[in-house]
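Working notes, beginning with the structure itself.
The values are calculated or read from the model by the stated rules, or taken from the named source; none is laboratory data. Predicted, not measured: the structure shown is a model, and the values here were computed from it. Positions of Cβ are generated from backbone atoms using ideal geometry, with glycine treated the same way; all protein chains shown enter the neighbour counts.
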Amino acid sequence: MIAQNIAFAILALVATLAALRVVTTRNVVHAALYLVVVLASVGALYVLLAAEFVAAVQILIYIGAIVVLFLFGIMLTRATIGVESDLDNDQRWIAAITGLFLLGVLTFVLVESFGDDQLPGLAGVSREELTAQRGTGAVGDAIFSTYLVPFEVISVLLLAALVGAIVLARRD
Amino acid sequence: MAEFLRAYLTVAVFAGAAGLLVALLSTLGWAVRPSRPSRQKSIAYESGVDPAGTDFGQSQVRYYIFALLFVLFDVEAVYIFPWALRLEGYGVFGLVEMGVFIVILALGLVYAWRKGVLRWV
Amino acid sequence: MPPVFDTPAIDYHAFAPEIAMVVTLVVLLFVDLVFEERGRWATATVAGIGLLASVVPVLSLAVDGADRSLFGGAYVVDNFALVLKALFLVAGYVTVLISTDYIADGDYYEGEYYFMLVSSLLGMTVMASARDLISIFVALEMLSIPAYLLAGWRKRDLRGNEASLKYYLLGVFASAVMLYGMSLVFGVSGSTLLVDINQAISRGVDSVPLVTVGIVFIVVGFAFKVSAVPFHTWAPDTYQGAPTPITAFLSVASKAAGFAALVQIVFIGFLGREDVWAPMFWVLAALTMTVGNLIALRQTNLVRLLAYSSVAQAGFMLAPFAVAADIPADRGGVGAATGAVVTYLLIYAGMNLGAFAVVMAVARKTRSAEISAYGGLFAYAPGLAVLMGVFVFSLAGIPPLAGWYAKFVVFKTLLDAGTVAAVTLAVVAVVNSVIALFYYASVARQMIMEPAPEAETARVRVPGSLGAALGICAVATLAFGAFPGLIAQLGDLALLGVLP
């Protein structure tokens with residue numbers, strides 16, 4: 001449990017610092033790259049929870065695809081790749097206050113509700129048991145039983161998103 | 001430490017070792033190399049010719065479609081993993097459901113191809 | 001040895017409407033791809049026939065009558081779901097009718113346009129049956145993403161871009177907030193099924209703050225979707241910049257889908273925690289009616305006026321939520337509130353789609369949606385002017401048009417609840433009905449009393465499909481007003497099924 005806690009502390013710290021840099025850096029490309037660090041740390045946190053499939057999806061989709069889309073988006077627009085001074089506007093203080101307020105509220109409710117709870121330890125649990133409980137196969141079983149409708153709807157959703165994006169991007 | 005996490009400790013040790021190696025080699029290089037900076041050396045390397053234009057070129061919207069197609073099939077791959085793992089368990093039922101999923105997504109590729117956005121201009 | 005997988009039993013009859021819609025989507029795509037320009041004219045027909053064909057299984061399921069629960073209660077086909085599915089499909093069909101000439105004239109991407117429209121409707125029909133958080137979320141995205149794109153369909157028009165971008169950015173922000181709320185609720189209950197969530201959160205008083213924040217976040221997400229004040233800021237700009245048929249679609253079908261989700265989440269998942277959501281809905285309802293109406297008073301553009309009026313109408317639909325838990329069981333309890341919301345939605349769909357259809361018919365000649373352009377309409381196009389009068393006075397709630405019955409049901413639930421809060425809300429609603437009459441009547445006054453601008457008095461030619469849409473909406477508005485028994489039965493039927 002101690003090793004797990006130390007690892008959590010390191011990962012959480014890295015994620016938080018990188019997240020702060022995402023919003024404070026004046027270079028949009030750097031912001032996208034800091035986002036990679038945030039997402040990778042979160043992926044590592046999933047591993048700590050023995051959710052390997054979710055961790056793999058996090059890396060595959062978020063870092064592999066979403067950040068790539070972000071970078072493409074930056075290159076598509078006329079944003080300068082470099083330091084920009086007018087990225088901030090007058091609303092940043094209101095945004096900061098709102099953000100801090102939200103942080104306070106969420107910290108309070110989470111600590112109040114789960115403060116004394118402990119995650120079930122992984123010690124003594126065999127690899128086979130873990131795989132059966134929360135492995136990739138277990139995720140698959142859920143997709144193909146309870147969540148079959150959303151699963152099939154997602155294919156239509158992705159198709160619609162692609163068709164729409166092509167219409168918007170076409171030049172004719 | 002739990003058996004599960006011990007396996008990942010190996011990953012962490014390897015990552016640490018790799019980082020350490022990079023740091024070590026860079027420090028070694030920095031220590032023994034001569035240092036004579038000049039303007040010529042700090043120009044961006046563009047296969048030997050002098051770089052032209054600025055460091056920013058706006059890319060075409062066409063590339064965004066490729067990126068989007070990539071996301072589409074990336075998400076598809078994510079759903080295929082758990083299905084493939086339990087392929088025998090799901091049997092014909094799983095085959096039909098996954099078939100519908102893939103065919104609908106493949107229509108997106110057909111659409112992109114027919115509309116000519118895949119053409120390399 | 002991996003555990004044995006139990007193949008879930010699939011009731012294809014229950015999915016028949018959705019399967020028919022997916023087939024329609026595939027056919028639409030093929031018509032567009034195979035016939036290209038030659039097939040353009042056919043896409044509207046395919047979409048219309050596809051939607052009507054999807055109504056058939058809804059009717060056959062209704063005749064069959066049995067509630068069907070699939071995947072352990074994640075997907076339920078009960079009378080509530082069927083009534084709403086029918087509403088979405090018919091509203092979608094009317095949207096196709098009013099789109100046909102607009103889109104064909106405008107040289108927009110026709111095949112893709114109807115593809116998006118049917119995709120969005122697919123999300124809505126799934127939403128009507130979704131009884132777990134993941135299905136609800138996926139259905140919400142399914143109906144929203146095509147809607148974001150459709151709002152910006154006039155892609156060379158700056159207003160269109162603004163419409164789409166505002167809708168999209170605020171929409172995904174609301175989705176994110178809602179998703180966070182869902183994760184908190186899931187954290188407490190350990191299940192995504194609404195029935196399980198209900199058992200978990202109504203059982204004890206543990207983790208009250210967490211449940212409260214979760215409920216608030218989820219309700220806020222849908223408050224955006226139904227454009228409740230203060231989450232309405234996207235609505236006027238989006239309604240004005242989007243193509244007019246899409247504006248009609250967003251203000252009716254998309255809003256109805258938001259209410260469908262709210263009814264299911266609040267009346268199944270959060271029942272028993274009305275201490276959290278009842279006051280919230282009270283504030284939302286009162287604010288939405290009042291602010292929507294007050295801003296509508298000052299509008300000079302008819303589309304913006306209808307946008308704000310639809311915000312105000314959403315306030316009336318939110319009112320039953322605020323008092324649902326106080327309605328005594330012998331007066332229908334929560335079921336009465338569900339019935340009131342569904343009744344209001346059904347009637348509102350007819351009259352609001354009708355009003356937009358008239359706007360489109362008139363704009364074909366005047367090329368303007370300014371109220372001043374409606375001067376003298378009664379003189380040179382009496383038919384359209386009378387229809388517009390019917391729709392706006394129905395929206396205002398004047399008997400014998402359908403709108404009065406919608407308002408009547410809402411007042412009835414408020415008075416049945418009988419608490420001080422409920423009666424106060426009823427008073428707010430009455431005051432707002434009076435305010436609303438001002439701006440609805442000003443449209444009528446403009447049509448009858450004012451002269452036509454620049455003496456433009458040529459006849460307005462109404463194309464066939466637009467005429468059909470006007471006819472459907474007018475018949476619905478008049479018939480439901482004259483024979484409220486028809487709609488009352490539908491509203492009473494639309495109860496949430498008894499869940500396993």
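State whether the residues of the range A:93-112 include one that is more than 10 Å from chain B (Cβ to nearest Cβ) and assigned to a loop (DSSP other than H, G, I, E, B). Explain how you work it out, then say what you get.
Of the range A:93-112, the ones more than 10 Å from chain B (Cβ to nearest Cβ) are A:93-112.
Of the ones still in play, those that are also assigned to a loop (DSSP other than H, G, I, E, B) are none.
Checking the range A:93-112: not a single residue is more than 10 Å from chain B (Cβ to nearest Cβ) and assigned to a loop (DSSP other than H, G, I, E, B).
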Matching option when the condition is out of contact with any Leu (no Cβ under 6 Å at 6 or more places or on another chain), modelled with pLDDT under 80 and part of a helix (DSSP H, G or I), among C:Leu478, C:Leu495, C:Leu490: C:Leu490
Residue in the range A:58-79 that is at the interface with another protein chain (Cβ under 7 Å from one of its Cβ atoms), loosely packed, with under 11 Cβ neighbours inside 10 Å, at negative phi and modelled with pLDDT under 85 present: yes
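Quick one: is A:Leu159 touching a residue at least 12 places away in the same chain (Cβ under 8 Å), surrounded by 14 or more Cβ atoms within 10 Å (Cβ to Cβ) and aliphatic (A, V, I, L, M)? Steps first, please.
Details: touching a residue at least 12 places away in the same chain (Cβ under 8 Å): no; surrounded by 14 or more Cβ atoms within 10 Å (Cβ to Cβ): yes; aliphatic (A, V, I, L, M): yes.
No.
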Condition check for C:Val138: among the β-branched types (Val, Ile, Thr) and without any contact (Cβ under 8 Å) to a residue 24 or more places away in the chain: yes
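Every residue in the range C:90-121 that is over 18 Å from C:Ala151 (Cβ atoms), crowded, with 24+ Cβ neighbours inside 10 Å and among the aliphatic types (A, V, I, L, M), please.
Taking the range C:90-121 first, the residues over 18 Å from C:Ala151 (Cβ atoms) are C:90, C:93-94, C:97, C:100-101, C:104-105, C:107, C:111.
When the remaining residues are screened for being crowded, with 24+ Cβ neighbours inside 10 Å, the result is C:94, C:97, C:100, C:111.
If the condition is that a residue be over 18 Å from C:Ala151 (Cβ atoms), crowded, with 24+ Cβ neighbours inside 10 Å and among the aliphatic types (A, V, I, L, M), then C:Val94, C:Leu97 are the ones that fit.
Just need a number here: residues in the range C:442-459 that are in a helix (DSSP H, G or I) and out of contact with any helix residue (DSSP H, G or I) (no Cβ under 7 Å at 6 or more places or on another chain). Can you show your working first?
We begin by selecting, within the range C:442-459, every residue in a helix (DSSP H, G or I); these are C:442-449, C:453-455.
Still in the running and out of contact with any helix residue (DSSP H, G or I) (no Cβ under 7 Å at 6 or more places or on another chain): C:442, C:445, C:449, C:454-455.
So the answer is 5.
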Extreme residue, nearest to C:Tyr167 (Cα to Cα), among residues of the range C:225-236 that are outside any loop (DSSP other than H, G, I, E, B), out of contact with any Gly (no Cβ under 7 Å at 6 or more places or on another chain) and not aliphatic (A, V, I, L, M): C:Trp234
Subset of the range A:153-172 [farther than 20 Å from C:Leu121 by Cβ and facing chain C (nearest Cβ under 7 Å)]: A:Leu168
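Residues are listed down the side, and each one gets a yes or a no for (1) of a type in the set (S, T, N, Q); (2) under 27 Å from B:Arg6 (Cβ atoms); (3) crowded, with 19+ Cβ neighbours inside 10 Å; (4) more than 13 Å from the chain's Cα centre (by Cα):
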residue	(1), (2), (3), (4)
A:Ile2	no, yes, no, yes
A:Leu33	no, no, no, yes
A:Val38	no, yes, yes, no
A:Ser41	yes, yes, yes, no
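Just checking, does the range B:50-61 include any residue being assigned to a helix (DSSP H, G or I), buried (at least 16 other Cβ atoms within 10 Å of the Cβ), within 12 Å of chain A (Cβ to nearest Cβ) and not basic (Lys, Arg)?
Quick first cut of the range B:50-61, residues assigned to a helix (DSSP H, G or I) only: B:61.
Of the ones still in play, those that are also buried (at least 16 other Cβ atoms within 10 Å of the Cβ) are none.
Within the range B:50-61 (the criterion being assigned to a helix (DSSP H, G or I), buried (at least 16 other Cβ atoms within 10 Å of the Cβ), within 12 Å of chain A (Cβ to nearest Cβ) and not basic (Lys, Arg)), the answer is no, since none of the residues qualifies.
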From C:Leu302, C:Leu306, C:Leu284, residue being away from every other protein chain (no Cβ under 14 Å), touching a strand residue (DSSP E or B) at 6+ places or on another chain (Cβ under 9 Å) and crowded, with 24+ Cβ neighbours inside 10 Å: C:Leu302
Among (1) within 10 Å of another protein chain (Cβ to nearest Cβ); (2) under 20 Å from the mean Cα position of the chain (by Cα); (3) assigned to a helix (DSSP H, G or I), the one test that A:Tyr46 misses: (1)
Residue, modelled with the lowest pLDDT, within the range B:77-91, restricted to residues that are surrounded by fewer than 20 Cβ atoms within 10 Å (Cβ to Cβ) and closer than 19 Å to A:Ser155 by Cβ: B:Leu87
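Criterion first (away from chain B (no Cβ under 14 Å) and surrounded by fewer than 16 Cβ atoms within 10 Å (Cβ to Cβ)) does C:Leu51 satisfy it? Outline the logic, then answer.
Values: away from chain B (no Cβ under 14 Å): yes; surrounded by fewer than 16 Cβ atoms within 10 Å (Cβ to Cβ): no.
When the stated conditions are applied, C:Leu51 does not pass them.
Give the residue that is farthest from C:Phe267 (Cα to Cα), with candidates limited to residues of the range C:167-190 that are of a type in the set (S, T, N, Q) and crowded, with 16+ Cβ neighbours inside 10 Å. Give the derivation first.
Step one: of the range C:167-190, the residues of a type in the set (S, T, N, Q) are C:175, C:183, C:189.
Filter once more, keeping what is crowded, with 16+ Cβ neighbours inside 10 Å: C:175, C:189.
Working: C:Ser175: 20, C:Ser189: 17 Å.
The extreme case among them is C:Ser175.
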Residues located in the range A:128-152, provided they are of a type in the set (A, V, I, L, M), more than 12 Å from B:Glu97 (Cα to Cα) and more than 10 Å from chain B (Cβ to nearest Cβ): A:Ala132
Conditions (1) away from chain A (no Cβ under 12 Å); (2) surrounded by 12 or more Cβ atoms within 10 Å (Cβ to Cβ); number of the one not met by B:Tyr8: (1)
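Check every one of the helices (runs of 4 or more DSSP H) wholly within the range C:94-205 and list those with 3 or more residues that are at the interface with chain A (Cβ under 9 Å from one of its Cβ atoms). Quick ask: steps written out before the conclusion?
Numbers: elements: C:110-129, C:133-151, C:158-189, C:194-203.
Once the helices (runs of 4 or more DSSP H) in the range C:94-205 are filtered for at least 3 residues that are at the interface with chain A (Cβ under 9 Å from one of its Cβ atoms), what remains is C:110-129, C:133-151, C:158-189.
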Pair list, Cβ under 9 Å, 6 or more apart: the range A:1-21 residue in contact (Cβ under 8 Å) with a residue 40 or more places away in the chain, other residue assigned to a helix (DSSP H, G or I) and not hydrophobic (A, V, I, L, M, F, W, C): A:Ala7/B:Tyr8
Identity of the residue in the range B:67-121, of a type in the set (D, E, K, R) and facing chain A (nearest Cβ under 9 Å), that ends up nearest to the chain's Cα centre (by Cα): B:Asp74
Of all residues making up the range C:1-43, the number that are of a type in the set (A, V, I, L, M, F, W, C), away from chain B (no Cβ under 12 Å) and within 22 Å of the chain's Cα centre (by Cα): 2
